[in-house]
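Scroll down for the structure; my scribbles are underneath it.
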Amino acid sequence: MSVKILADSACDLPLSFYKENDVTLLPLKVEIDGEEFEDLVTIQPIEVYNEIRNGKTPKTSQVSPHTFKEIFTRMAENNESGIYIAFSSELSGTYQTAVMIKEQVQEEFPQLDLTIIDSKCASVGYGLVVLEATRLAKESLSKGELEDKIIFHCQHMEHLFSVEDLDYLAKGGRVSRASAFLGGLLNIKPLLNVEDGKLIPIEKIRGKKKLLRRMIEIMKERGVSLDTQLIGISHADDLTTANEIKEMIQAEFHPKGFYMNTIGSAIGSHTGPGTISIFFLNKLPS
């Protein structure tokens, strides 16, 4: 039996990916001026960034319980086997809600064969996991083998990123206001990573050029066999910087390829415009 892959919109893959690969999309919600939108479906990232530049503060919410119940019930009725790879539980309540709704659906449909994995990942780091899961699901693996490989990728995905203004993350409670205040001084660029699903500021660097060079240095320290990897890059309406770091990575590591996309509406509502991120593995599967 084939295994269906489910993912939410925080993996920052385009809508076309879900349609072309028969992956089920679970959209997070974005609210602007009291109007609610579905990330990737009824609102696009550039709209969110323009609203932020105009002084608006978008709010986000997790995938609705109703959406989960509808999709999980349909899977049970169709006797489908699935794996839902969820946005980090440290950044959203989506994973916990999915687990709760799965238990409710199983009371009526005990045959529901669904595994829910907390990716502890975000943006294209999470997207690279979903891309690999989609590729592996086409191979003749058991569901258990597929789960193990997905979890391995989740556990070894490095996230390095910098935001233009830490105030955006502070407003959403993703970092402390003290960190945000320090970041705004003297053209200091904060460098953050993700540890066990949480956003952790690791360094403060003055100036964009130094920041990008430092990201490459950390990539060299943490990455393995980068020439064999697909490297992820995401950006918040800053294609110039994204291409700049892509060229730096290409010159230094000559990777197998790149996957680059805009940071989606849900995550972008918290990071704000100007964010730049890179993603790679710190260990390869044996």
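Beyond 31 Å in Cα-Cα separation lie the following of the pairs LYS120/LYS143; LYS120/LYS204; LYS19/LYS220; LYS69/LYS246; LYS149/LYS256; LYS19/LYS102: LYS19/LYS220; LYS69/LYS246. When all protein chains stay in place and ligands, DNA and RNA are ignored, the 1.4 Å accessible-area order of GLU47, GLU38, largest first, is GLU47, GLU38. Structural size metrics of segment 25-76, computed from C-alpha coordinates, are Rg and Dmax of 13.1, 45 Å. Per residue, the solvent-accessible area of the chain (1.4 Å probe, heavy atoms of protein chains only, all protein chains present) comes to 45 Å². Neighbours of SER89, meaning other residues whose beta-carbon lies under 9 angstrom from its beta-carbon, give a summed charge of -1 when Lys and Arg score +1 and Asp and Glu score -1.
Expressed as an acute angle from 0 to 90° and rounded to the nearest 10, what is the orientation of the C-alpha long axis of helix 208-222 relative to the principal long axis of the chain? Tilt relative to the chain: about 50 degrees. Note on the chain: GNM, Cα springs under 10 Å; of LYS59, LYS246, LYS138, the largest mean-square fluctuation is that of LYS138.
Other residues lying with their Cβ under 11 Å from the Cβ of SER277 contribute a combined charge of -3, Lys and Arg counting +1, Asp and Glu -1.
Here segment 49-163 exposes an accessible surface that is 45 percent carbon and sulfur, computed with a 1.4 Å probe and the other protein chains kept in place.
Picking from PHE253, ASN243, HIS270, whose Cα lies most toward the positive end of the charge dipole for segment 237-286 (charges on Cβ: Lys, Arg +1; Asp, Glu -1)? After comparing all options, I get PHE253. Please compute the net charge surrounding ALA98, taking Lys and Arg as +1 and Asp and Glu as -1 over other residues with Cβ under 14 Å from its Cβ. Counting the neighbours of ALA98, the net charge comes to -2.
With a 1.4 Å probe rolled over the protein heavy atoms of all chains, the accessible area of MET260, MET100 falls in the order MET100, MET260, largest first. Counting only DSSP beta bridges with both residues in the chain, tell me the antiparallel percent, nearest 5. Roughly 55 percent of the beta bridges in the chain run antiparallel, per DSSP.
With N residues in segment 3-131, what two-decimal value do you get for its Cα radius of gyration over 2.2 N^0.38 Å?
1.08
For Rg/Rh (Cα atoms, Kirkwood Rh), the value computed from the atomic coordinates appears in the list (i) 1.01; (ii) 0.97; (iii) 0.93 under label (ii). With all protein chains in place and ligands, DNA and RNA left out, the 1.4 Å accessible area ranks LYS198, LYS210 as LYS210, LYS198, largest first.
Take every pair of alpha-carbon atoms less than 8 Å apart whose residues are at least six positions apart; their mean separation over the length of the chain yields a relative contact order of 22 percent. Between helix 239-253 and the chain there is an angle of about 90 degrees, using the helix long axis and the longest principal axis of the Cα atoms. By a 1.4 Å probe calculation restricted to protein chains, THR262 has an accessible surface near 50 Å², given to the nearest 10.
The values are calculated or read from the model by the stated rules, or taken from the named source; none is laboratory data. Predicted model, so just to flag it, every value in this text is computed and none were measured. Every residue, glycine as well, gets a Cβ built from its backbone with ideal geometry; the counts of neighbours run over all protein chains shown. Just so you know, the surface numbers come from the protein's heavy atoms only, side chains and all, with ligands and any DNA or RNA stripped out. Shrake-Rupley method; radii C 1.70, N 1.55, O 1.52, S 1.80 Å.
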